[in-house]
Amino acid sequence: MVHVLDVEFARSQFPALKSGFVFADNAGGSQVTQSSIDLIVDYLSNTNVQLGADYSVSVASTQRVYSAAEEARKLFGAADKNEIVFGPSSTANVENLARGLEAGIKEGDEFIITGEHEANCGPWKKLAARRGAIIKYWHSTPTSPNNPYSLSLKVEDLLPLVSAKTRIVAFTATSNLLGSVVPVQAITKAVRAVAAAKGAPKVEVSVDCVAYAPHRRMDVQAWDIDFCVFSFYKVYAPHISALYVRAAAFDASVSSLAHHFLPADRAYKLQPGGPGYETLYATTSVVPYLLSLTPANDLAASFDAIAAHETKLVSALLGYLTAPEQVARGLRVVGVEEPSTDRVPTVSFVVVGDRPMRSKDVVKVFDQRGGIGIRYGHFYAYTLTGTLPPPVDKEEGPVRVSLVHYNTLEEVEKIIGVFKEIFA
Ligand SMILES: Cc1ncc(COP(=O)(O)O)c(C=O)c1O
C-alpha cells in the first residue's frame, strides 16, 4: 500500500517554505528542516570542540557527530555504520576515494564513467591520468525518435564497454539534468556478469546518488555496489557529504588518505558497550523527518509516498512541455519525456527551431517577476551538456526546473503560467 503524502505536513517542517517563495531549484540544493537547524545551533552552542578526546564535552561532541554515521547508514541501506565516511562535499569525497584507490590502479586498467556531473568524472579522469588507466564513456542516448535530446542511460550501451581490463564502473543513479532513475541493481548485476565472463579480475562499482537520494531510497546492499555518495544538502539538511565504502573494499582497496579515512568507530575507537555508545546514535534529523512522512514509520514507505507525489508533479510539468503546441514552438525536453515513478521531477529543456530562445532569457523572465527560483546552465555536467545532439551553448545549457516532494501542484501551475506567457 502506498501512503498519500501529507504535503502540508511536510511543508510545515521547513521554515523557508513559509515565505511562499516557489523553490524549484532543488537539484541545486533543498531547503532544510527546522529540526536540522535546531540541531546545528545546539551543536555549535554546546558541543563545538575537537572530537575524540576523553573530556565530557568532547565525548558528547563525538557522539553527536557520529550519530550522523548511523543516519547515513540507514539512508544508504548499508550494513554497518563503519562503512560511512564524511566529507565536505560529494566532489571532495569522490576525489578522496579516487586518491584512496590509487595504489591499486595499474596502467591499462579501464574506468567506465558517465559524462554527467563532474564530481563523478573529474576524480576518475585525474586518477586515470596519474596511473595510465583508460577512460571509457557510457553516454546517454535518445529514447524518442522525435526528440534527439530525450536522453537516458541504457544498459545496452554500457555492456559492450566492459572488458577483461575493466576496473571501475562509476555512474549516476539519477542525472542532475535528465532526471531518470537508473536501475542500479540490474545494471550492476549485468556488468558483473559480463566482467566475469570476460575474465576481469576485479571490478568495483561506484554510484553517484547526489541527485537520486532526495527522491528515492538507496539500497547499497541489494544493489551490490562498492562505493556510493550523496550530499545531505540535497536531502533536507546542510552541506556535508556521506560516502559509502563497502567493508570489504576498506580492507582490500582503499588506503588511508593521510592519517585515516574516517569510518566512525575506526577513527575514534568507539567500542560497542563502551562509554557513551548507547546514546551515540541518538541525535539525527533527516531520517526522523523522512519517517514522519507516513504512519508506517518506514523509509521504504516514505520514499514510495514521495515517488507517488513527485510523479504527479512531473506529469503536470512534462504534460505541458511535451504538448503539441509547445513541441511546435520548439520546446524539447532534455531527458525522458514520459512521466513515471522512474522519472524524478528534475526537468530540463531547450527551445530550438524557427524561434529559438536562449535558456538565459527564459530564466530571466522568472527572475524579473520574482517569487519562483529556477535556473539554466551546464549544472557541472560538462560532458553531457557539451555533447548534446544538436549542440546547445555549453555555458548556457538547458533551463532546469527541479522539484521535490514538498512542492505542490499549485506551484507547478504557477511555473507553467509563466511559461505560457513566455512561449505565447
Ligand atoms: C549528480 C551530482 N553529483 C555530484 C554532485 C556534487 O555534489 P557536491 O556539491 O556535494 O560536491 C552534484 C551536485 O549538484 C550532483 O547533482
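The values are calculated or read from the model by the stated rules, or taken from the named source; none is laboratory data. Small disclaimer: the values here were computed from a predicted structure and weren't measured. Methodologically, a virtual Cβ is constructed for each residue, glycine included, from the backbone with ideal geometry; neighbour enumeration extends over all protein chains shown.
Looking at the structure I just gave you, is residue 138 of a type outside the set (Lys, Arg) and touching an Asp or Glu at 6+ places or on another chain (Cβ under 8 Å)? Lay out the reasoning, then the answer.
On the way: of a type outside the set (Lys, Arg): yes; touching an Asp or Glu at 6+ places or on another chain (Cβ under 8 Å): yes.
Spelling it out, residue 138 is indeed of a type outside the set (Lys, Arg) and touching an Asp or Glu at 6+ places or on another chain (Cβ under 8 Å).
Considering only segment 153-174, I want to know if a residue exists there that is surrounded by fewer than 22 Cβ atoms within 10 Å (Cβ to Cβ), more than 24 Å from residue 375 (Cα to Cα), hydroxyl-bearing (Ser, Thr, Tyr) and not assigned by TED's automatic domain parsing to the domain that holds residue 331.
Among the residues of segment 153-174, at least one is surrounded by fewer than 22 Cβ atoms within 10 Å (Cβ to Cβ), more than 24 Å from residue 375 (Cα to Cα), hydroxyl-bearing (Ser, Thr, Tyr) and not assigned by TED's automatic domain parsing to the domain that holds residue 331, which makes the answer yes.
Any idea which of 119, 129 is surrounded by 15 or more Cβ atoms within 10 Å (Cβ to Cβ), outside any strand (DSSP E or B) and outside the structural domain of residue 337 (by TED's automatic domain parsing)?
119
In segment 1-40, what residues are in a loop (DSSP other than H, G, I, E, B), surrounded by fewer than 16 Cβ atoms within 10 Å (Cβ to Cβ) and among the aliphatic types (A, V, I, L, M)?
1, 2, 4
Which condition does residue 391 not pass, out of (1) in contact (Cβ under 8 Å) with a residue 12 or more places away in the chain; (2) under 16 Å from residue 348 (Cβ atoms); (3) not polar (S, T, N, Q), if it passes all the others?
Failed condition: (1).
Please work out if residue 62 is within 16 Å of the ligand (Cβ to nearest atom) and farther than 25 Å from residue 190 by Cβ.
No: the conditions fail for residue 62.
In segment 399-424, which residues are part of a helix (DSSP H, G or I) and in contact with an Asp or Glu (Cβ under 8 Å, 6 or more places away or on another chain)?
None; the set is empty.
Please tell me if residue 332 is part of a strand (DSSP E or B) and more than 30 Å from residue 286 (Cβ to Cβ). Walk me through it before giving the result.
On the way: part of a strand (DSSP E or B): yes; more than 30 Å from residue 286 (Cβ to Cβ): yes.
Yes.
If I ask for residues that are of a type outside the set (Ser, Thr, Tyr), farther than 17 Å from residue 287 by Cα and in contact (Cβ under 8 Å) with a residue 40 or more places away in the chain, which ones from segment 204-217 would you list? Can you show your working first?
To start, the set of residues in segment 204-217 that are of a type outside the set (Ser, Thr, Tyr) comprises 204-205, 207-211, 213-217.
Subsequent filtering for residues that are farther than 17 Å from residue 287 by Cα retains 204-205, 207-208, 211.
Listed by number, the residues that qualify are 204, 208, 211.
Suppose we keep only residues that are away from the ligand (no atom under 13 Å from the Cβ) and under 18 Å from the mean Cα position of the chain (by Cα) within segment 386-403. Which one would you say is farthest from residue 311 (Cα to Cα)?
Only one residue fits best here, namely 401.
Do we find a residue being more than 9 Å from the ligand (Cβ to nearest atom) and modelled with pLDDT under 90 anywhere in segment 86-93?
Yes, that holds for at least one residue.
Please work out which residue is nearest to residue 70 (Cα to Cα), limiting yourself to segment 236-251 and to residues that are surrounded by fewer than 20 Cβ atoms within 10 Å (Cβ to Cβ) and within 16 Å of the ligand (Cβ to nearest atom).
Ranking the candidates gives 240 first.
Pick from segment 94-116 the residues that are surrounded by 18 or more Cβ atoms within 10 Å (Cβ to Cβ), of a type in the set (A, V, I, L, M, F, W, C) and more than 16 Å from the ligand (Cβ to nearest atom): which of them is modelled with the lowest pLDDT?
Filtering first and then ranking leaves 101.
Going by the conditions given, is residue 75 part of a helix (DSSP H, G or I) and either more than 16 Å from the ligand (Cβ to nearest atom) or of a type in the set (A, V, I, L, M) (or both)?
yes
Do any strands (runs of 3 or more DSSP E) entirely within segment 134-187 hold 2 or more residues that are of a type in the set (Phe, Trp, Tyr), and if so, which?
In segment 134-187, the matching strands (runs of 3 or more DSSP E) lie at 134-138.
In segment 252-286, what residues are modelled with pLDDT of 80 or more, part of a helix (DSSP H, G or I) and surrounded by fewer than 17 Cβ atoms within 10 Å (Cβ to Cβ)? If you could, list the steps in order and put the result at the bottom.
At the first step, the residues of segment 252-286 found to be modelled with pLDDT of 80 or more are 252-255, 285-286.
Now drop any that are not part of a helix (DSSP H, G or I), which leaves 252, 286.
Correct list: 252 only.
Do the conditions hold for residue 379, that is, is it part of a loop (DSSP other than H, G, I, E, B) and not assigned by TED's automatic domain parsing to the domain that holds residue 176? Give the steps one after another, and end with the answer.
Values: part of a loop (DSSP other than H, G, I, E, B): yes; not assigned by TED's automatic domain parsing to the domain that holds residue 176: yes.
For residue 379, the condition - part of a loop (DSSP other than H, G, I, E, B) and not assigned by TED's automatic domain parsing to the domain that holds residue 176 - is met.
Could you please tell me which pairs satisfy a Cβ distance under 8 Å, a separation of 6+ or placement on different chains, a first residue in segment 50-61 that is among the hydrophobic types (A, V, I, L, M, F, W, C), and a second residue that is part of a loop (DSSP other than H, G, I, E, B)?
57/47; 57/49; 59/53; 59/275; 59/276; 60/47; 60/276
Among what's in segment 218-232 and is in contact (Cβ under 8 Å) with a residue 40 or more places away in the chain and either in a strand (DSSP E or B) or surrounded by fewer than 20 Cβ atoms within 10 Å (Cβ to Cβ) (or both), pick the residue that is nearest to the ligand (Cβ to nearest atom).
Taking the candidates together, the pick is 231.
In segment 138-176, which residue that is away from the ligand (no atom under 16 Å from the Cβ) and of a type in the set (S, T, N, Q) is farthest from residue 127 (Cα to Cα)?
Among them, the one singled out is 146.
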